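For reference, the structure is listed below as structure tokens.
Each reported figure results from applying straightforward, stated rules to the coordinates on display, with no laboratory input. These numbers come from a predicted model, not from an experiment. Quick reminder, even Gly has a Cβ in these numbers, built from the backbone with ideal geometry, and neighbours come from all protein chains shown.
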């Protein structure tokens, strides 16, 4: 938190850079508000009336960009989308100067970045809230939508087991923390060498020690799936890793989510994927397009979860 002075009023500035930037109590409050907003969608809202949000994207996006833009407008706010090539950042202007300048114009900054340190620096120098719309370390907005989806499908979070199959990437990192915060159990199965960072696992287990959740890091997907009510995967080759594709596809052999692999989970298990998906690589079409898949509910819930987040941070 930092003290800011915007339009003459001092208040506490909150950023959402990593999942642990909010408390477990605040997380549950956000999910409750997101559910309410979803049910009441269509009702005229003015939570962001008179406010403008800047979106800075260094990477391509479909769901994140559209859900944030629509969400800001549905809350009565204005939005400015800024590709980095349209900004002086691309010509060497410092993050310090950019953050300080934008803070004089807008009420919040949403950034999708190639380096997590960029977000940290933006948050350090910005006088308005900064939201992580994806970094290599975490994707906390995705985790918010995922928890909302799981709650809708399972009627609870505490005690529900999620099995993550694949790369220990940014989405996995945020889910580890989120599960630890909410009392969900999570078993992460990755090939050796692709496990989530030690510091993320440590933080997740710190939350888990209070919530009662169980955190497992494994290398066998079948073991991870035992007792799972939620099965989650993501692409094996993320943006910026295209040169590693051949090696990664070899390393991830046996981790593709197939109907046979799904059979190790609970009979009523749901399948989740943050999208975009590469059918035939990390998941078979029969799974992602089958009756257990909730991937488009997840995608929709990005909108509602982020609207609740925007209200929480900026109003």
- prompt: Say we join alpha carbon atoms closer than 10 Å with springs in a Gaussian network model of the chain; which of 49, 143, 123 then has the biggest fluctuation?
  reply: 49
message: If neighbour count is taken as other Cβ atoms inside 10 Å, put 262, 87 in order from fewest to most.
response: 87, 262
Antiparallel DSSP beta bridges within the chain, percent to nearest 5: 15
statement: Once both label points are put 7 Å beyond Cα along the C-beta direction, the residue 192-residue 156 separation in nm becomes 3.8
task: Would you please state the base-10 log of I(q)/I(0) at q = 0.24, 0.27, 0.30 1/Å for the stretch 137-186, with intensities from the Debye formula using one equal scatterer on every alpha carbon?
output: -0.87, -1.07, -1.25
statement: Per 10 angstrom bin, beginning at 0 and ending with the bin that holds the maximum distance, the Cα pairs of the stretch 148-233 fall in percents of 20, 56, 23, 1
query: Hull surface divided by four, with the convex hull built on the Cα atoms of the stretch 1-149: how many nm²?
result: 8.9
message: Of the candidates 162, 275, 30, which one comes out as most mobile in a Gaussian network treatment of the chain with C-alpha springs shorter than 10 Å?
response: 275
- line: Helix 63-74: inclination vs the chain longest Cα principal axis, degrees, rounded to 10, gives 50
query: Over the Cα atoms of the chain, Rg to Rh with Kirkwood Rh, two decimal places?
result: 0.97
task: Compute the long axis of helix 116-125 from its Cα atoms, compare it with the longest principal axis of the Cα atoms of the chain, and write down the angle in degrees, 0 to 90, nearest 10.
output: 30
statement: Under the helix-only model (-39500 (n - 2.57) for each DSSP H run of 4 or more, divided by the residues of the chain), the mean residue ellipticity at 222 nm, to 500 deg cm²/dmol, is -12500 deg cm²/dmol
- prompt: With axes computed from alpha carbons, what is the tilt in degrees of helix 295-314 against the longest principal axis of the chain, rounded to the nearest 10 within 0 to 90?
  reply: 30
message: Which three numbers, in whole Å and largest first, are the semi-axes of the equivalent ellipsoid of the stretch 142-298 derived from its Cα gyration tensor as √(5λ)?
response: 22, 19, 14
task: Could you work out how far the C-alpha centroid of the stretch 51-118 sits from that of the stretch 143-202, in angstrom?
output: 27
query: How long are the three semi-axes of the equivalent ellipsoid for the stretch 215-295, computed from the Cα gyration tensor as the root of 5 times each eigenvalue, in whole Å, largest first?
result: 21, 15, 11
